[in-house]
1. On the given criteria, is residue 327 touching a strand residue (DSSP E or B) at 6+ places or on another chain (Cβ under 8 Å), open to solvent by 30 Å² or more (accessible area, probe 1.4 Å), charged (D, E, K, R) and without any contact (Cβ under 8 Å) to a residue 60 or more places away in the chain?
2. Find the strands (runs of 3 or more DSSP E) located wholly in the stretch 23-120 whose residues include 1 or more that are within 16 Å of the ligand (Cβ to nearest atom), on the phi < 0 side of the Ramachandran plot and crowded, with 24+ Cβ neighbours inside 10 Å, and list them.
3. Would you check which residues across the stretch 221-249 are of a type outside the set (Gly, Ala, Ser), closer than 20 Å to residue 311 by Cα and not in a strand (DSSP E or B) and list them?
4. Among the residues of the stretch 250-290, what is the count of those that are open to solvent by less than 30 Å² (accessible area, probe 1.4 Å) and in a helix (DSSP H, G or I)?
5. List the number of the failed condition for residue 315; all other conditions in (1) farther than 21 Å from residue 79 by Cα; (2) touching a helix residue (DSSP H, G or I) at 6+ places or on another chain (Cβ under 9 Å) hold.
6. Is it fair to say residue 149 is under 19 Å from residue 27 (Cβ atoms) and either assigned by TED's automatic domain parsing to the domain that holds residue 40 or without any contact (Cβ under 8 Å) to a residue 60 or more places away in the chain (or both)?
7. Taking residue 207 and the conditions (1) of a type in the set (Ser, Thr, Tyr); (2) open to solvent by 50 Å² or more (accessible area, probe 1.4 Å); (3) farther than 25 Å from residue 80 by Cα, which numbered condition does it fall short on, given that it satisfies the others?
8. Only residues that are touching a helix residue (DSSP H, G or I) at 6+ places or on another chain (Cβ under 7 Å) and not hydroxyl-bearing (Ser, Thr, Tyr): list them for the stretch 25-35, please.
Amino acid sequence: MGSVIIGTGVALPSRVVTNDDLSAIMDTSDEWIRSRTGVQQRHIADPGVGASDLAAEAVAEALRNAEMAPQDVDVLITATMTPDQYAPGIAGMVQERSGLGHIAAFDLRQQCGGYLYGLDLADALLASGKARCVVVVGAEVHSGYMPYGASWEILRGERPGPVDPVDHAAATEARGWAVLFGDGAGAAVLTTEEDPGTGFIGSVLRTDGSHADLIEVLGVGFRHQPYVDTAQLEARAHWPSMNGMELFRQAVICMPAAVREVLAETDLTIDDVSLVIAHQANDRILDAVRKQLGIDAELIPSNIARYGNTTAATLPILLHEQQAAGRIRPGSLVCFTAFGAGAHWGASLYRVPGTR
Ligand code: UT7
């Protein structure tokens, strides 16, 4: 019996912030962002909209496309690094808002690796018979991290300017990571199919905690007593801190290694793969992964130009788009791969149901 994806959905806030918009509120440029990352714009949630709201919207679309009712779902897996509030996580909020029953619903915290872990867990639950229909959703509202202060009003078109110099300095201090991220959500509905050769046929998931400091948010945590105080906020411990260059290097080593490992485990080669759905952190990372795997550019699509890095949501948003473009063809082999904070990474192989 194989675990198969029967419907996908996405949610993207309607507001878009371009690189030029960011250049008006910090020292950056479209040229810098585009040439170093491939990002051209990102979708931005309004205040009051949380990851749970985007997740519920994506789940509703995925259920519609799967022609399943909320009552059919018996496990919900939510992946986010930007929950609506410190606790509880978003799983219960999404369960309730999506009209799901009183089912098992839980959060994963594997950041950019979250969706890959979620798919693998869904597959294990379906394969064991513990579940018959699982929804996996990745959702992020990164905007809350951005220290733009009153410049948000300029980004939202509520006033033309000028930018407060204090806000400008803070945004510029954060530019190394702030320009990379966007908001959004993506979901997939999984169930089982009798044909044993279809669905998820292999996976490797890896963790190396010694790389946790490559990208982390140190502040607001219970090693600190009290767990949040003004000293932490003044020290900007609630900002992500990132070693971009080393993160880049590890992503480029770990994703191709995981792809090769899962192919070897399943007695397949890269020539058998029709599509690589890879985490969208940087076009230059995708290019390096492509070169290492020796595949053509069209086999490893990118949508980072439109969305930036949406962390746990990049894989399902890209999957949804590739599905809509008719690129998830019956009988073909799709490879998922991701690398994220933790560090957590891996790869999985998905044989699309149906014959070629
Ligand atoms: O999934 C986890 C999410 N994060 C990642 O995957 C990040 C992976 N890493 C990367 O994508 C790249 O390392 C970055 C895009 C983050 C940075 O690219 P880079 O080529 O490694 O640049 P850099 O950090 O070495 O910075 C080069 C220069 C610096 O100036 P100086 O010191 O050379 O004068 C930075 O201050 O670029 C400056 N800089 C910027 N300039 C304009 C950094 N950010 C910006 C910016 N606009 N947004």
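1. It is true that residue 327 is touching a strand residue (DSSP E or B) at 6+ places or on another chain (Cβ under 8 Å), open to solvent by 30 Å² or more (accessible area, probe 1.4 Å), charged (D, E, K, R) and without any contact (Cβ under 8 Å) to a residue 60 or more places away in the chain.
2. 41-43, 75-79
3. 238, 239, 240, 243, 245, 246, 247, 248, 249
4. Summing the residues that are open to solvent by less than 30 Å² (accessible area, probe 1.4 Å) and in a helix (DSSP H, G or I) in the stretch 250-290 gives 14.
5. So the condition that residue 315 fails would be (1).
6. yes
7. Condition (3) is where residue 207 drops out.
8. Scanning the stretch 25-35 gives 25, 26, 27, 30, 33, 34.
The values are calculated or read from the model by the stated rules, or taken from the named source; none is laboratory data. Every value quoted in this text rests on a predicted model; they were computed, and no experiment measured them. Counting neighbours? That spans all protein chains shown, and the Cβs are built from the backbone with ideal geometry, glycine included. Ligands, DNA and RNA are excluded from the accessible area calculation, which covers all protein heavy atoms including side chains. Shrake-Rupley method; radii C 1.70, N 1.55, O 1.52, S 1.80 Å.
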